[in-house]
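Trainee: Here it is, the structure in full.
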Amino acid sequence: MVEDGGEEEAEGESGEMPAAAAPLQRCNGFLPGKEAAAPAGGGEQPAPAAPEAEAMLAAPCERPETRLETRLSRRRLAVLAVFSCYSLVNAFQWIQYSILSNVFAGFYGVSFTEIDWLSMVYMVAYVPLILPATWLLDARGLRLTALLGSGLNALGAWLKCGSLAPQRYPLTLTAQAVCAVAQVFILGLPSRIASVWFGPTEVSTACAVAVLGNQLGTAIGFLLPPVLVPNTPNDIDLMAHNISIMFYGTAIVSTLLFFLTGVVFEEKPKYPPSHSQAVLQTKPPEDYSYKQSIINLLKNIPFILLLISYGIMTGAFYSVSTLLNQMIVTHYEGEEVNAGRIGLTLVVAGMVGSIICGLWLDYTKTYKETTFIVYILSFIGLLVFTFTLDLGYLIVVFVTGGVLGFFMTGYLPLGFEFAVEITYPEPEGTSSGLLNASAQIFGIVFTLVQGKLTTDYSPRAGNLFLCAWIFVGSILTALIKSDLRRHSVNSGIMNLDVKPVPVDSPVEPESTTLKIQSTL
């Protein structure tokens, strides 16, 4: 199997082969590469494939040995850009209420707790809906899932435009709930888009960029709403006008991105971008079972360890972000504005960390080592942040908060990509969805417990609670076996048996093993 990743093909082109090449047959709708040529001069022949593999290859393609062609599509950059943009808007809509909690509490005449629920609904909605959402991604595909995510995001934004009057809190809560459902169809896509559209030397960077869009939305959510909606408690009409500018602007941008999603997104490129994707595309659709895929993941001990450790780290990050204002104001009274700036610093530093970690993984492929080091550095960063928070110097908090965000947020694409590696050939959306569900559950628990400790004792007590859990997560990360299955297929350093998931039916096929012999 040879990779032609350096040759990009514009969408719609026929993809010409070298003149000497015979016309290629399609295998399950995908063009395989040229047949492996026998060595000249009667040299040693490659070992024949197992009878089961020959039967599986010969059935769809009528040839026992096939090398699948791989290419990179120019469209992949547009797909990544559009996804990152509507993920950005979804994250912006999540944080736009919390950063203006006093403004919206006065506007709608509700308590701060009710305003907090406008953010909490994102976490609450994710947990019960993630399994149906990942089933939809695996069964109906990337394009439909992307359209649902961007479409619901736009619908929620337009519903908010109808809540521009006091006493309409129930409507704005309903609109935010719609945006929360949209998030379920967004958070699990970065690793899926990266794997389906990008080559092996850029897949981790692509995943990091996709995650970056969501982080950038949070950063803009810290900055833009206070500028657009200043607090004018004595002029409710002016407040409603300012809120309308934010709501209508968000709705228009969301709608534009929905139409762009329909134009740009396709299920997959014309040619697979990597050997690992080429292998997966040879499997007939009837060999896939979502139920069996979930069972396989839950039986995968390295993935279970990563599932727990990822939930701990990301849940701790959610908790710190949610309670940051309370921690800062406890030690620096009247510094609400700087608390928001520290949150912005944490998010922006995390964006840089995500990109650097993605580039590092593409260059080194040291998934476990990098994940473990970042985990340890996050633990140290939180300890330093905890014990310097009450020194009385805000500049120190800015620095330690930035360092903490760099490593904690930089861990996000690491977890996604490590999960795809150790669970290949299981669908990327399923593993990513379970990781996000774990993060939401830990995030809710950590936020409630840390908030209680911070209120009853001190911010230090709450942060030390998180430190203890992150230490446990670092131990679990050290125990993960680094079995880089996808990388092995892409690099061709070994023969890999890829076993399609058997369908739950009374009749089992004799064997569903497909052996890919890489010849690099």
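Trainee: Please list 153-160, 69-76 highest first by mean number of surrounding beta-carbon atoms within 10 Å per residue.
Mentor: Working: 153-160: 23.6, 69-76: 20.1.
Put in order of decreasing packing, that is 153-160, 69-76.
Trainee: Along the Cα-to-Cβ line of Phe112, 7 Å from the Cα, sits a label point; which residues in segment 296-326 have backbone N less than 19 Å from it?
Mentor: Counting only backbone N, you get 319-326.
Trainee: For Thr70, list long-range residues whose amide hydrogen, built 1.01 Å from N in the peptide plane, is under 5 Å from its own amide hydrogen.
Mentor: Placed amide hydrogens put Asp4 under 5 Å from Thr70.
Trainee: OK, next. What figure in square angstrom, to the nearest 10, would you give for the accessible area of Asp390 with a 1.4 Å probe?
Mentor: Its heavy atoms expose roughly 80 Å² to the probe.
Trainee: Label points 7 Å out from Cα along the Cβ direction at Ile236 and Thr174: separation in nm?
Mentor: The modelled label-to-label distance comes out at 2.1 nm.
Trainee: What residue among Gly392, Ser431, Ser458 has its Cα farthest toward the positive end of the dipole of segment 289-481, where the charges are +1 on Lys, Arg and -1 on Asp, Glu, each on the Cβ?
Mentor: Ranked along the dipole, the leading option is Ser431.
Trainee: Can I ask one more? Before I look further, what does segment 289-481 give for accessible area per residue, probe 1.4 Å, in whole square angstrom?
Mentor: Values: 7130 Å² over 193 residues.
Per-residue accessible area for segment 289-481 comes out at 37 Å².
Trainee: Based only on the alpha carbon positions, what is the Kirkwood hydrodynamic radius of segment 72-281, in angstrom? Can you show the working numbers first?
Mentor: On the way: mean 1/r = 0.0563 Å⁻¹.
Mean inverse Cα-Cα distance, inverted, gives 17.8 Å.
Trainee: Then there is this: Not counting ligands, DNA or RNA, and with a 1.4 Å probe, what is Thr455's accessible surface area in Å² rounded to the nearest 10?
Mentor: Looks like 90 Å² after rounding.
Trainee: Given the Cα-Cα distance of Leu260 and Lys299 and 0.36 nm per residue of separation, how much length would full extension add, in nm? Please list the in-between numbers first.
Mentor: Details: separation 39, 0.36 × 39 = 14.04 nm, distance 3.93 nm.
Contour length minus the Cα-Cα distance gives 10.1 nm.
Trainee: Between Asn102 and Asp456, what length comes free when the chain is fully extended (0.36 nm per residue of separation minus the Cα-Cα distance, one decimal in nm)? Don't skip to the end; give the middle numbers.
Mentor: Values: separation 354, 0.36 × 354 = 127.44 nm, distance 2.29 nm.
Full extension of this stretch gives 125.1 nm more.
Trainee: Taking the Cα atoms of segment 289-481, report the difference between the largest and smallest coordinate on each principal axis, in whole Å and largest first.
Mentor: Extents along the principal axes: 55, 35, 25 Å.
Trainee: Still on this structure, I have one more. How far apart, in nm, are the 7 Å Cα→Cβ label points at Tyr248 and Ala81?
Mentor: 2.8 nm
Trainee: Convert each backbone phi in segment 407-414 into a coupling constant with the Karplus relation 6.51 cos²θ - 1.76 cosθ + 1.60 (shift: θ = phi - 60°), then list the ³J(HN,Hα) values in order as whole Hz, x for Gly and Pro.
Mentor: For segment 407-414, the Karplus curve yields 7, 5, 7, x, 6, 4, x, 4 Hz.
The values are calculated or read from the model by the stated rules, or taken from the named source; none is laboratory data. Please read these numbers as outputs of a predicted model, since none were measured by experiment. Backbone-built Cβ (ideal geometry, glycine too); neighbour counts: all protein chains shown. Keep in mind that these areas ignore ligands, DNA and RNA; they rest on the heavy atoms of the full protein, side chains included. Shrake-Rupley method; radii C 1.70, N 1.55, O 1.52, S 1.80 Å.
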